[in-house]
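The values are calculated or read from the model by the stated rules, or taken from the named source; none is laboratory data. In this text, all values refer to a predicted model and were calculated from it rather than measured experimentally. Every residue, glycine as well, gets a Cβ built from its backbone with ideal geometry; the counts of neighbours run over all protein chains shown.
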Amino acid sequence: MPEASIELGYPADADVMDTEGVASVPAAFQRTVRRFPDAVAYRTGDDSIRLTWTQVAAHVERWSGALSGAGVVAGQTVAMMMTNRPEHLIVDLGVIHLGGTATSIYNTMPPSEIAYVVADARARLLVAEEGFLGRIREAVMDHGLALDLVVAFDTDSPTQIPGVEVLTVEAFLAREPAVGFDFAASWQAVDREDICHVIYTSGTTGHPKGVELSHRSALAGADVYRVVVPVSAGHRFLSAFPLAHAAERAVTYYIPVVQGHCVTFCPDIRQLNAYYLVVRPACVFMTPRSLERFRATIEKNVALEPNPQRKAAMERAIELGTIVFTAEQAGHVVDPALHAEWVATASVRKELLASIGLDGVVYAAVGSAPVTLELMTFFLGLGLPARECWAMTESGATTAIGHLNEPYRVGYCGPASPGMEIKLAEDGEILVRGNGLMTRYRNNPEESSQAIDADGWLHSGDIGALNEFGQLRMVDRKKELIINANGKNMSPVKIESKVKNAGTLVGQIIAVGDSKPYVSALMQLDPEGMEVYRQQHGIARDLPLEVLAKDPDLRAALQAQIDRANADLADVEQIRDWVLVTDEWVPGGDELTPTMKLKRRAIVTKYAGQIDEIYQGSGPS
């Protein structure tokens, strides 16, 4: 991929607009088209696709016309199964300009889940890439999914599905619009309370629920970032996480549409690091796992730096950053000499951030799971302008997000976002009310009434705390606590975070011990940490992981990392035994959600035999 063009055609220092008086996402989109007609809106990494706002608008109108010709009317749902690409949002915009509702399907879903989600969404038309048609065909043939029409990208001869009309994109777009179709009248009729998107919760357990989010919710989410991230228009954004996820939509769909920014699309999240280096985005959403991988890359680069002077300078810059921000977080005054030395490392720190493509970031929102003090301190010490945020799919807009110009304590996400309220129930559960909330769960009135009470408060299922600034801290999930055989409640997230921050060898880890006498863990090796370990110990890169996992020196190094973590945990929280899992855990697979959260129940069920062996005293240690 070539370096992204610096010139994107936006006026210098163009202000971002608020959403006051804007009726819908299509109305915001059309406003941005008028403001920046010739600026680049959507592009691919290699610039093979590079579309201005005017060009995107023409494609959107064409899709709306063809969809109307296929019988789609206001209120109907259209499903999409595509990677992150400009056409994904173009089709989506075409649907909602008609007053329809769009829903995106996680690309890793098996056929049975595709059948469930599309049927629950009440979608009869599905737009997909040819590469996914095999699974869609299986969803129809083996799981009873009823579809009228499938539109296929990336093929001249799409996979056929018995009983379903399957068309190429070209054939579909050649269709005439419905008689009397009026594009402008269609989008101008869309109201704030109309359902814009159905977003299916990624589901750590059971079937996902369809969260209905209105145009009001989408606009509220975009407006939050105008308040807390006061940037001009025309910044670079990078779309890499699944567009079926609420946070990804907020950051790389709604914000650019409302404010006017250029989005580069990364079709494969495994290429994320390479895309960061090329795009160097300004505003990003990052999970703690993303930060862990970036930190591992930096530590690998430093460990393998051949120049002793450069290596020493890098290590000192990281050390000083940790000292300065650990003191700041503790409320202590930093020694002036140390602070001055840290300031003097600015060029080295920028070089370290540049090595992973984060040197252009003006704001990094970190969310989706709790983040540790050690991890945030590492990046704050390097100068990354990062703050934590908390939300859930059901709260639509970012509910609490840290401001760069306000007091910040790691673990706290900031006060309630504009238009939102937060309070804690008697048991500490986080309750939310405001503009961003979902309208309801699709086809599930009972769950809807349980989620949002008569006073309009959404019951999150998260346990939280508020500090003196009204900033929110997520403590844990109500239903994810470990309760051992003696009735002691423990946070698995806390235990897992301690282990991952105690060294570089552990990638994914799940702490288990519900109704058990002590805590144990299933662990996976971290690829970046293992690359350094292999080089430092002269281990061939082609040595199978299954063989390496039995190496006594590696197991001793892993135990040493566990021991360091245990030293920072209460006795009852300490990991007494563990299993090294060599199966690959991929986002959207059996063990991880598409945003890399642990599917705890699924993991415990899948590895029940190995867990039982631990507690029978016969498992590996």
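Could you tell me which residue of segment 319-367 is surrounded by the fewest Cβ atoms within 10 Å (Cβ to Cβ), considering only residues that are touching a Gly at 6+ places or on another chain (Cβ under 7 Å) and β-branched (V, I, T)?
Ranking the qualifying residues of segment 319-367, first place goes to T322.
Would you mention how many residues in segment 407-426 are part of a loop (DSSP other than H, G, I, E, B), more than 22 Å from T201 (Cβ to Cβ) and not aromatic (F, W, Y)?
9
From the list F29, F36, pick out the single residue that is closer than 13 Å to A184 by Cα, in contact (Cβ under 8 Å) with a residue 40 or more places away in the chain and of a type in the set (F, W, Y). Break it down stepwise before answering.
Numbers: F36 fails: closer than 13 Å to A184 by Cα.
Within the list F29, F36, the selection yields F29.
Of everything in segment 546-562, what is part of a helix (DSSP H, G or I) and not acidic (D, E)? Give them in sequence order.
V547, L548, P552, L554, R555, A556, A557, L558, Q559, A560, Q561, I562
Out of D38, D13, D18, D47, I need the residue that is surrounded by fewer than 18 Cβ atoms within 10 Å (Cβ to Cβ), at pLDDT 95 or above and assigned to a loop (DSSP other than H, G, I, E, B). Which one?
Going through D38, D13, D18, D47 in turn, the sole match is D38.
Any residue in segment 13-24 that is more than 15 Å from G436 (Cβ to Cβ) sitting within a Cβ distance under 6 Å of a residue that is in a loop (DSSP other than H, G, I, E, B) and aliphatic (A, V, I, L, M)? List the pairs, counting only those 6 or more apart or interchain.
Listed by first residue and then by second, the contacts come to A14/A233; V16/A233; S24/V190.
Can you work out which of the residues in segment 58-110 that are in a helix (DSSP H, G or I) and hydroxyl-bearing (S, T, Y) is surrounded by the fewest Cβ atoms within 10 Å (Cβ to Cβ)?
S68
So which of A146, A152 is over 26 Å from A189 (Cα atoms) and in a loop (DSSP other than H, G, I, E, B)?
Residue meeting the stated conditions: A146.
Could you tell me whether any residue of segment 453-473 is of a type in the set (V, I, T), touching a residue at least 60 places away in the same chain (Cβ under 8 Å) and either part of a helix (DSSP H, G or I) or not assigned by TED's automatic domain parsing to the domain that holds Q536 (or both)?
No.
Sort through R270, R293 and tell me the only one that's assigned to a helix (DSSP H, G or I) and assigned by TED's automatic domain parsing to the domain that holds I401. Show your work before the answer.
Working: R270 fails: assigned by TED's automatic domain parsing to the domain that holds I401.
So the residue among R270, R293 that is assigned to a helix (DSSP H, G or I) and assigned by TED's automatic domain parsing to the domain that holds I401 is R293.
Go through segment 217-235 and count every residue that is surrounded by fewer than 24 Cβ atoms within 10 Å (Cβ to Cβ) and either outside any loop (DSSP other than H, G, I, E, B) or of a type in the set (G, A, S) (or both).
Here the count works out to 6.
Considering segment 254-287 alone, what residues qualify as being of a type in the set (S, T, Y) and either under 18 Å from L51 (Cα atoms) or at pLDDT 90 or above (or both)?
Y254, T264, Y275, Y276 - these are the residues of segment 254-287 that are of a type in the set (S, T, Y) and either under 18 Å from L51 (Cα atoms) or at pLDDT 90 or above (or both).
How many residues does segment 492-519 hold that are out of contact with any Lys or Arg (no Cβ under 6 Å at 6 or more places or on another chain), crowded, with 20+ Cβ neighbours inside 10 Å and within 14 Å of N566 (Cβ to Cβ)?
Qualifying residue count, segment 492-519: 11.
What residue, among those in segment 537-576 that are surrounded by fewer than 17 Cβ atoms within 10 Å (Cβ to Cβ), among the charged types (D, E, K, R) and in contact with a strand residue (DSSP E or B) (Cβ under 8 Å, 6 or more places away or on another chain), is nearest to R600 (Cα to Cα)?
R576
Between residues in segment 102-113 that are in contact (Cβ under 8 Å) with a residue 40 or more places away in the chain and residues that are among the basic types (K, R), which pairs lie under 8 Å by C-beta distance while being six or more apart or on different chains?
Short answer, once both residue conditions are applied: M109/R135.
Please go through segment 489-540 and give me each residue that is outside any loop (DSSP other than H, G, I, E, B) and among the basic types (K, R), ordered by number. Step through it out loud before you land on a result.
Taking segment 489-540 first, the residues outside any loop (DSSP other than H, G, I, E, B) are 489-490, 492-500, 506-512, 519-525, 527-537.
Correct list: K494, K498, K500, R534.
Considering only segment 355-371, I want to know if a residue exists there that is assigned by TED's automatic domain parsing to the domain that holds G331, part of a helix (DSSP H, G or I) and within 25 Å of A330 (Cα to Cα).
No: segment 355-371 contains no residue that is assigned by TED's automatic domain parsing to the domain that holds G331, part of a helix (DSSP H, G or I) and within 25 Å of A330 (Cα to Cα).
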